[in-house]
1. Where in the chain is the longest stretch that carries no GluC sites (Glu not before Pro) classed as loop by DSSP and with at most 10 other Cβ atoms within 10 Å?
2. Given an 8 Å cut-off on Cα distances and at least 6 residues of separation, report the relative contact order of the chain as a percent.
3. At a 1.4 Å probe radius, carbon and sulfur cover how many percent of the accessible area of the chain?
4. Output the relative contact order of the range 153-276, whole-number percent, from Cα pairs under 8 angstrom with separation of 6+ residues.
5. Suppose the Debye formula is applied to equal point scatterers at every Cα of the chain; what is log10 I(q)/I(0) at q = 0.06, 0.07, 0.10, 0.13 Å⁻¹?
6. Would you please give the FRET efficiency between ASN113 and ASP251, computed as 1/(1 + (r/R0)^6) with r the Cβ-Cβ distance and R0 = 22 Å, to the nearest 0.05?
7. If you take the charge dipole of the chain about its Cα centre, with +1 on Lys and Arg Cβ and -1 on Asp and Glu Cβ, which of HIS362, PHE65, SER266 is farthest toward its positive end?
8. Taking a ≥ b ≥ c as the square roots of the Cα gyration tensor eigenvalues, with a/c under 1.5 meaning rounded and otherwise prolate when a/b beats b/c, else oblate, which class fits the range 110-207?
Amino acid sequence: MLPPKISYSQLKIATFNLFNYLEPPNAYYEFERIYSLEQWQKKQHWIANYLNEYQPDIIGFQEVFSIESLKALVEKQGYSHFAVVDEPHIEDDFIYSKPVVAIASKFAIIQTNSVKVNNELASLIGLSDEFSFTRQLLRATIDIPHLGHTDCYVVHFKSKRSMIEYHEQNANQSAEKTIIETLKAQVVGGWGSTVQRGSEATLLMAEIISRREQTQYPIILLGDFNHPLDDGVLNQLLTNTLRFASTSDCDKYLAKYCLQDAWQLSQKVALNNTTYANKNHEKLDGNTLLVSNSREANQQKTAERIPTHYFAGKGSVLDYILLSCEFDASYHNSLYQVSNHQTYDKHLINPIFDYDGESTDHGIVLVTLTLRS
């Protein structure tokens, strides 16, 4: 007898920065940075526990050094499909740098490619012919239930680390001069990193639009953006208006080529559900129960977003999942809606060393997509 067919009325998508995922006796960045066997087993156990408990169907990884180790780990957790498009850099046979991104899926990966830089567009915005992504960006076309072929992009944009490091050369140099030169390096190098990160996002978005035009596949973009979405540098990823274009044409075509933040979509669904409940389900003795203005206002407040990373005691959201209109409940042809958005952060705000000591320095973002009836 054949097993019952799984309907997949719900899907779970996650993005997970693994934080220096490298099997010993290899070292990450410097020769002394090597996990002990106990530390490595602890890290492996922590990752497996998360996957087992939360069961994402598709998961994008960042900071992967040990590709085969990760592939074996996720396969044990039920992910029979796994892909990368690059390899880390290795010096002296054991010192690793330039980690890569990866994707694991419970559904078939039909095709995997790295995203290429459009040199013509890069030149138009003043970038050099040698411009490249800091880390190769991965595009996997996955056969997702009800959606069919869907393009899933996994990214890890340039970090905020300054592109210029000042190293004092003159032992007789004054303390003030050292501060001046260090400050200049940080100001210029920090802006250089910002330009790189923003350019990566811009050129990726252009490629996503071109690919969408060719294939019409739904889009999932996930990863460590290394920058909040709301301060201008990465805003182009959420562009949803056009200057000088006719309103009728925008209404007809634009939404299909735009992405939306899964968290914002989840808030829209929650608000709609609350409004519907207030209007239709609060009855007393056959009469609609009036909801006070203050209570309604409280219910409609946007939930506070949980940071995914902390630096110098300050939290920020760096990890995101962006979705095309097929996942927007307000879009007339959408198939799924974002019914839940969760950031796992226990290891960041209340760590238990024996369990969380070798986890990760990022929160793990997980969205639940529910099939619309």
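The values are calculated or read from the model by the stated rules, or taken from the named source; none is laboratory data. Keep in mind that this is a model prediction, so the values were computed, not measured. Positions of Cβ are backbone-derived with ideal geometry, glycine not excepted, and every protein chain shown enters the neighbour counts. Remember, those area values only see protein heavy atoms, side chains included, never the ligands or the DNA or RNA. Shrake-Rupley method; radii C 1.70, N 1.55, O 1.52, S 1.80 Å.
1. Longest site-free region, per DSSP loop and neighbour criteria: 169-303.
2. Here the relative contact order equals 18 percent.
3. 51 percent
4. For the range 153-276, the relative contact order is 30 percent.
5. Debye curve over Cα of the chain, log10 I(q)/I(0) at q = 0.06, 0.07, 0.10, 0.13 Å⁻¹: -0.27, -0.37, -0.73, -1.17.
6. 0.10
7. Positive-end residue among those listed: SER266.
8. Cα axes put the range 110-207 in the prolate bin.
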